[in-house]
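Asks: Quick one: the structure is below, questions incoming.
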Amino acid sequence: MTSGLGATMVRAGRRLLSSLPALFGVLVFTFLLMRVLPGDPAVFFASGPNAGKEEIEQIRKQMGLNKSVPEQLVFYLSDIGHGNLGRSMMTGQPVLKDLRERLPASLELTFTALLIALIAAVPLGVLAALRPGSLVDHGVRMFCALGVCVPTFVSGLLLIYVFYYLLGLAPDPTGRIDVFTSLPPQRTGFLSIDFLLAGDIDGWWAACKQLILPAVSMALFVIAPLARITRASMLVSLGSDFVRTARSVGLSWRKVVITYALRNAILPVITIAGIVFSTMLGANVLVEKVFSWPGVASYALDALLSSDYAPVQGFVLLMASVFVLVNLVVDICYGIADPRVSIE
């Protein structure tokens, strides 16, 4: 078992090394893209277009914009190699510190939304596959179509209107915690976990109430692809030879569905879940804006609107790294779900 674990770690290390050229390409592309965008960030941060030339030149020198683009790229890659992502002109703090402070908020929201989506999508997909062409199947398809058609910011605003404004069941959608609740000692950065570790049940419930609406808003958008891939995979598994063999030897229908059909159908769902997670983490900016959620996506959007290069480049690098790690985790989960699948 130890040797198998060691071999898995070696293969995982190889996969990470093979991803380094892609990460390098992302770095260079993002750097060049930020330089061709219209607008001069030095003018923006130098008190607007009426600022003096000396003030603008000082800001340009501070941001390194007085050098040529190849020189800027070399210095940028050198800083990345030393773990320096630059300094944000908006917050005045190192980008790495800003991302470290905001990433737990985005991860907590994304993990919760993905969990809700999986809990809803997998049973819906299984039910639709067990009764193809029925009212249940058509109902699941209609629900999936609505989930894809309604943008996340629209569903978020509707949830706020119904559950906060009309029914008064949800708290004020203004961040991760209300102003009357004290923050727990930070251990994981996930407020729901930190409150539990601190033994504060009231704080935990307050954090969960703030988390539910934005998580559901994100989950509604990704339930559709997860449910559809579950349905398609289950239909293939239910029509396979091993399922017919299991039924012919007298196994119960429940055991056939859960042990044989669902276990084989879950492999594509794992792949889609990994892709969906990476997409949600980077594309949840609308939900973060609607619910005033202090995550990395809203931070990057504010930086982009301000032509603040360093936070945007740091955010893209973070998302690329997360995408690589998620793909690696998906491969490992693939091997656990089906031992015949190799991580290579």
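Asks: I'd like the full set of residues that are over 24 Å from the mean Cα position of the chain (by Cα) and farther than 30 Å from Gly203 by Cβ, limited to the stretch 137-180.
Replies: Asp137, His138, Gly139, Val140, Arg141, Met142
Asks: I've got another one for you. From Leu114, Leu118, grab the single residue that is open to solvent by less than 50 Å² (accessible area, probe 1.4 Å) and not assigned by the TED database to the domain that holds Arg35.
Replies: Working: Leu118 fails: open to solvent by less than 50 Å² (accessible area, probe 1.4 Å).
So the residue among Leu114, Leu118 that is open to solvent by less than 50 Å² (accessible area, probe 1.4 Å) and not assigned by the TED database to the domain that holds Arg35 is Leu114.
Asks: Hey, among Ile201, Ile258, which residue is at pLDDT 90 or above and over 24 Å from the mean Cα position of the chain (by Cα)?
Replies: Numbers: Ile258 fails: at pLDDT 90 or above.
Of the residues listed, the single one that is at pLDDT 90 or above and over 24 Å from the mean Cα position of the chain (by Cα) is Ile201.
Asks: Scan the stretch 222-257 for residues that are basic (Lys, Arg) and touching a residue at least 60 places away in the same chain (Cβ under 8 Å) and jot them down.
Replies: So in the stretch 222-257, the residues basic (Lys, Arg) come out as 228, 231, 244, 247, 254-255.
Within the stretch 222-257, Arg228, Arg231 qualify.
Asks: Something else about it: Would the stretch 127-148 turn up any residue that is open to solvent by less than 60 Å² (accessible area, probe 1.4 Å), among the hydroxyl-bearing types (Ser, Thr, Tyr) and free of Cβ contacts under 8 Å to residues at least 12 places away in the same chain? Outline the logic, then answer.
Replies: If we filter the stretch 127-148 for residues that are open to solvent by less than 60 Å² (accessible area, probe 1.4 Å), which is where we start, we get 128-129, 133-134, 136-137, 139-140, 144-145, 147.
Filter once more, so that each one left must be among the hydroxyl-bearing types (Ser, Thr, Tyr): 134.
So of that shortlist, the ones also free of Cβ contacts under 8 Å to residues at least 12 places away in the same chain come out as 134.
Looking for residues that are open to solvent by less than 60 Å² (accessible area, probe 1.4 Å), among the hydroxyl-bearing types (Ser, Thr, Tyr) and free of Cβ contacts under 8 Å to residues at least 12 places away in the same chain, one finds at least one in the stretch 127-148, hence yes.
Asks: Which residue pairs have Cβ atoms under 6 Å apart, sit 6 or more places apart or on different chains, and have a first residue in the stretch 85-106 that is assigned by the TED database to the domain that holds Ser307 and a second that is among the aromatic types (Phe, Trp, Tyr) and open to solvent by 10 Å² or more (accessible area, probe 1.4 Å)?
Replies: Pairs that qualify, where the first residue is assigned by the TED database to the domain that holds Ser307 and the partner is among the aromatic types (Phe, Trp, Tyr) and open to solvent by 10 Å² or more (accessible area, probe 1.4 Å), are Pro104/Phe190.
Asks: Can you confirm whether the stretch 322-329 contains a residue that is within 19 Å of Glu101 (Cα to Cα) and either without any contact (Cβ under 8 Å) to a residue 12 or more places away in the chain or not in a helix (DSSP H, G or I) (or both)?
Replies: No: zero hits.
Asks: OK, next. Take Gly282 and decide whether it is over 30 Å from Tyr165 (Cβ atoms), in the same structural domain as Ile119 (by the TED database) and within 15 Å of the chain's Cα centre (by Cα).
Replies: no
Asks: Select, from Leu157, Leu103, the only residue that is assigned to a helix (DSSP H, G or I) and open to solvent by 50 Å² or more (accessible area, probe 1.4 Å). Reasoning before the result, please.
Replies: On the way: Leu103 fails: open to solvent by 50 Å² or more (accessible area, probe 1.4 Å).
The conditions single out Leu157.
Asks: Restricting attention to the stretch 183-207, report how many residues are more than 18 Å from Arg102 (Cα to Cα) and not β-branched (Val, Ile, Thr). Step through it out loud before you land on a result.
Replies: Of all residues in the stretch 183-207, those more than 18 Å from Arg102 (Cα to Cα) come to 196-206.
If we keep only those that are not β-branched (Val, Ile, Thr) as well, we get 196-200, 202-206.
Of the residues in the stretch 183-207, 10 are more than 18 Å from Arg102 (Cα to Cα) and not β-branched (Val, Ile, Thr).
Asks: Starting from residues that are farther than 17 Å from Leu23 by Cβ, of a type in the set (S, T, N, Q) and part of a loop (DSSP other than H, G, I, E, B), keep the ones in the stretch 66-86 and report whichever is most open to solvent (accessible area, probe 1.4 Å).
Replies: Asn66
The values are calculated or read from the model by the stated rules, or taken from the named source; none is laboratory data. None of the values given here were measured: they were computed from a predicted structure. Every residue, glycine as well, gets a Cβ built from its backbone with ideal geometry; the counts of neighbours run over all protein chains shown. Ligands, DNA and RNA are excluded from the accessible area calculation, which covers all protein heavy atoms including side chains. Shrake-Rupley method; radii C 1.70, N 1.55, O 1.52, S 1.80 Å.
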